[in-house]
1. Pairs under 9 Å by beta carbon, first residue in the same structural domain as ILE254 (by TED's automatic domain parsing) and part of a loop (DSSP other than H, G, I, E, B) in segment 196-221, partner of a type in the set (Lys, Arg) and open to solvent by less than 60 Å² (accessible area, probe 1.4 Å), six or more apart or different chains?
2. Going by what's in this entry, would ALA80 be described as within 22 Å of GLU10 (Cα to Cα), surrounded by 19 or more Cβ atoms within 10 Å (Cβ to Cβ) and not β-branched (Val, Ile, Thr)?
3. Answer yes or no as to whether ASN112 is in contact (Cβ under 8 Å) with a residue 12 or more places away in the chain and within 14 Å of ligand 1 (Cβ to nearest atom).
4. Go through (1) of a type outside the set (S, T, N, Q); (2) touching an Asp or Glu at 6+ places or on another chain (Cβ under 7 Å); (3) open to solvent by less than 20 Å² (accessible area, probe 1.4 Å) for ILE141 and report which single condition fails.
5. Among the residues of segment 266-294, count how many are open to solvent by 10 Å² or more (accessible area, probe 1.4 Å), free of Cβ contacts under 8 Å to residues at least 60 places away in the same chain, part of a strand (DSSP E or B) and touching a helix residue (DSSP H, G or I) at 6+ places or on another chain (Cβ under 6 Å).
6. Could you list all residues from segment 15-52 that are surrounded by fewer than 24 Cβ atoms within 10 Å (Cβ to Cβ), among the charged types (D, E, K, R) and within 13 Å of ligand 1 (Cβ to nearest atom)?
7. Out of curiosity, is LEU318 more than 9 Å from ligand 1 (Cβ to nearest atom), closer than 16 Å to GLY209 by Cβ and of a type in the set (A, V, I, L, M, F, W, C)?
8. Among the residues of segment 240-257, which ones are open to solvent by 70 Å² or more (accessible area, probe 1.4 Å) and not in a helix (DSSP H, G or I)?
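The values are calculated or read from the model by the stated rules, or taken from the named source; none is laboratory data. Computed from a predicted model, the values in this text were never measured in an experiment. Cβ sites come from the backbone with ideal geometry, for glycine too, and all protein chains shown count toward neighbours. Accessible surface is based on the protein model in full, side chains and every heavy atom, while ligands, DNA and RNA are left aside. Shrake-Rupley method; radii C 1.70, N 1.55, O 1.52, S 1.80 Å.
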Amino acid sequence: MNKFLNIIEELKNKKVAVIGHIRPDGDCIGSQVAFVRGLKALGIDAIALNQSPVPKFLLCFVEDILFKHENFSDYKDYAAITVDCSDLLRIGTDLEILFPNIKLNIDHHISNNNYAENNIVDAKASATCEIIANLFIENKIPIDSITAQALYLGIATDTGQFCYSTTNAQVLSLCAKLVEFGAKPSEIANKLYEEESLERILLLKEFLGTLQVELMGKLCIGKITQKMFQLTGTSKEDTEGFVDYPRSIKGVEIAALIEERADGSVKGSLRAKQEKVRVDLLAKQFNGGGHVCAAGFSFEETIDQFYPKFIKAAKKHLEDIGL
Ligand code: 5GP
Ligand code: MN
């Protein structure tokens, strides 16, 4: 029996908590929905736990799966599986305290530090959902249309709608299989990109107004402040995808979204076009991590304190790689 089936076998007499990361994205929610549904199809009782609530724009993909974002102590005896989490800090303090021992870590972040008893980590995978879809297919774990839809969601969002360099023949043929299992690409795209709220577009307008180009056009930074959220009636979950705008500018190597959190500290999102730019390593300088072209961090300083430090670090980072 292979490693994955052995782990599944060990879970058969247990209850399982499938845990995702704070500020969950499409790959995180898709992975949680798919994995819980896969376990349930095998007769294993499972639930999805996430310190953050499911963002509004992803609620339609949750279907019959119970997501809990509080009262975690009710589940303290559950076996814990993490999906799309590069390190244990990513699950948030409350869950980290309750689940110091993780049975299985399934992830695709280059910065993953193999923190679990079993680690299925593939930094070349386009999405955690790609890893899970392959595990399910190889091990004949049932994929119905809802599970297929969740898995497709994760791959579609983490590949930037099949635009990033992680999109290869295997990814596309896997997605073709998911479509055969019942995933509907146009329905997913419509739900994700054609149902924007006016408030979010007004927040985008504010964000675009802050864009500043530094380092001879190689770095572009935009800001989001608490005041902007108040002005537009939005919240932190409404910033998804904004950092793609500064990245899209010709000549920009690093795009940054610097968001002011409610306590005045900073949450950063970094994007690059070229893998050699390694924004995961730039994020690491501010206690974060992620992927070579998409990374993030949280930093205990105000935007004004952080901004000049960040430009200096980005300048050195780009110089070191010859850009
Ligand atoms: P985003 O900019 O969309 O928040 O995150 C981009 C990528 O970086 C995601 O894959 C996310 O998991 C990762 N990431 C974001 N924030 C952090 C962080 O604070 N620490 C680490 N290790 N990874 C992060
Ligand atoms: Mn992911």
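1. If the second residue must be of a type in the set (Lys, Arg) and open to solvent by less than 60 Å² (accessible area, probe 1.4 Å), the pairs left are THR210/LYS223; LEU211/LYS223.
2. yes
3. yes
4. If we test ILE141 against (1) of a type outside the set (S, T, N, Q); (2) touching an Asp or Glu at 6+ places or on another chain (Cβ under 7 Å); (3) open to solvent by less than 20 Å² (accessible area, probe 1.4 Å), just (2) comes out false.
5. The total comes to 1.
6. Those that are surrounded by fewer than 24 Cβ atoms within 10 Å (Cβ to Cβ), among the charged types (D, E, K, R) and within 13 Å of ligand 1 (Cβ to nearest atom): ARG23, ASP25.
7. No, not satisfied.
8. The answer is GLU240, SER248, LYS250.
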